1. Can you tell me the FRET efficiency between THR142 and ALA320 if r is taken as the Cβ-Cβ distance and R0 is 60 Å, rounded to the nearest 0.05?
2. Please state the shape class of region 110-290: rounded when a/c is under 1.5, otherwise prolate if a/b exceeds b/c and oblate if not, all from the C-alpha gyration tensor.
3. Compute the accessible area per residue over region 110-290, keeping the other protein chains in place, probe 1.4 Å, unit Å².
4. Under 1.5 on a/c is rounded, so check that first for region 208-248, then, if it is not, pick prolate when a/b is larger than b/c and oblate when it is not; a ≥ b ≥ c are the square roots of the alpha carbon gyration tensor eigenvalues.
5. Testing the spin-label approximation: label points 7 Å from Cα along Cα→Cβ at GLU272 and MET369. State their distance in nm.
6. In the structure shown, do any of LYS85/LYS188; LYS231/LYS368; LYS182/LYS220 have a Cα-Cα gap over 19 Å, and if so which?
7. Report the full-extension gain for the segment HIS378 to LYS231: residue separation times 0.36 nm, less the Cα-Cα distance, to one decimal in nm.
8. What's the FRET efficiency of ILE186 with ASP293 using the Cβ-Cβ distance as r and R₀ = 22 Å, to the nearest 0.05?
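The values are calculated or read from the model by the stated rules, or taken from the named source; none is laboratory data. This is a predicted model, so every value here is computed, not measured. For neighbour counting, all protein chains shown are included, and Cβ atoms are generated from backbone atoms with ideal geometry for every residue, glycine included. Protein only, heavy atoms only, side chains kept; ligands, DNA and RNA dropped before computing areas. Shrake-Rupley method; radii C 1.70, N 1.55, O 1.52, S 1.80 Å.
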Amino acid sequence: LTPLVLSSLPAVTSPCKILKCNSEFWAATSGSHHLGAEEAPEFCTALRAYAHCTRRTARTCRGDLAYHSAVHGIDDLMVQHNCSKDGPTSQPRLRTLPPGDSQERSDSPEICHYEKSFHKHSAAPNYTHCGLFGDPHLRTFTDTFQTCKVQGAWPLIDNNYLNVQVTNTPVLPGSSATATSKLTIIFKSFQECVDQKVYQAEMDELPAAFVDGSKNGGDKHGANSLKITEKVSGQHIEIQAKYIGTTIVVRQVGRYLTFAVRMPEEVVNAVEDRDSQGLYLCLRGCPLNQQIDFQTIHSAQATEGRARRKGPSLPAPPEAFTYETATAKCREKLPVEDLYFQSCVFDLLTTGDVNFMLAAYYAFEDVKMLHSNKDKLHLYERTRVLTPGNAAPTGTHPTLWVALLCLCWLCLL
């Protein structure tokens, strides 16, 4: 029935994307022999993904015969293979092995190892990185660096395979400075690889196991494709999720937590509907009303440091760091004056806690380990992005443009 439905569909032009849905489903299931009961979960997952794709394009395909044929074909296949409409809708890759390959299909452990599922002639996956540390500072999957308020609970990652939520609390009573005090990671059940697992860390409690006491993905055949390793007791754990090619590092530095992840772009973007999806800090960054203008604060810190030399009238944090002593302290661990260095200075001045210097240091150490592009390890101050309609040309001061416009107006007179 599947090839009959797909081969009978006529060509469709944009904006109806039904051909894209058809081709994705065909790529996920082509070359299959008659599907036995043990392969039904994979086929049902592909069918649900196919159905979801058709729903996304429904508005632009209302009068399209191919679209309606595909929708009816999906319903028939759902009934034929006893597939539930609820459940996972995709996996990182549904690849069939080349002809003559003697390895088993996706019900074997190979599907539980993301990198091994790439054939030697396939393009290597692209990896990206996200990190959260300090007061708190966020480096997104697109290498955007932000300093945010984000007090309370916020979603850091939310895709088809895992959810990460952080809770940020004030460092001092009445202070605007916040830091991560709680972290929850939910790994969703995936095919024959892992059961759903939950990891949770809080201040002064960094366990080396999931909340159910296990250290791997459970009882499934590929359970060891998800496991926790304790690097330093109570201070540093690493979670390897090989079935989605993901590495997560969680640290406790002082009283607070840091988070870093290395994840394939394919998994990063595996969301049900990216256009209408809610907040996802690692992907979208912090909301504008939660962002702190790092350049303005950095300048104010330097000015405040000079003011303190002239008189003690300004309030000082608990450890009484001045701008000069904070920069000197941060240089001990962060010799390059990039945004990690500036974050360190910012945090020492706002919290007075020297552990925030270590948090910035370890955050950069995690970047060196997890970031796939070694030319992008350091980030430096950039001109702040202006809102649409208010953007000035790059590298040109707005005052200069006003002067040039006035000059042109006078020339016309």
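1. 0.95
2. Since a/c reaches 1.5 but b/c is at least a/b, the shape of region 110-290 is classed as oblate.
3. 40
4. oblate
5. With each label placed 7 Å out from Cα toward Cβ, I get 3.4 nm.
6. Numbers: LYS85/LYS188 17 Å; LYS231/LYS368 17 Å; LYS182/LYS220 29 Å.
Pairs exceeding 19 Å: LYS182/LYS220.
7. My answer for the length gained is 50.4 nm.
8. According to the calculation, E is roughly 0.10.
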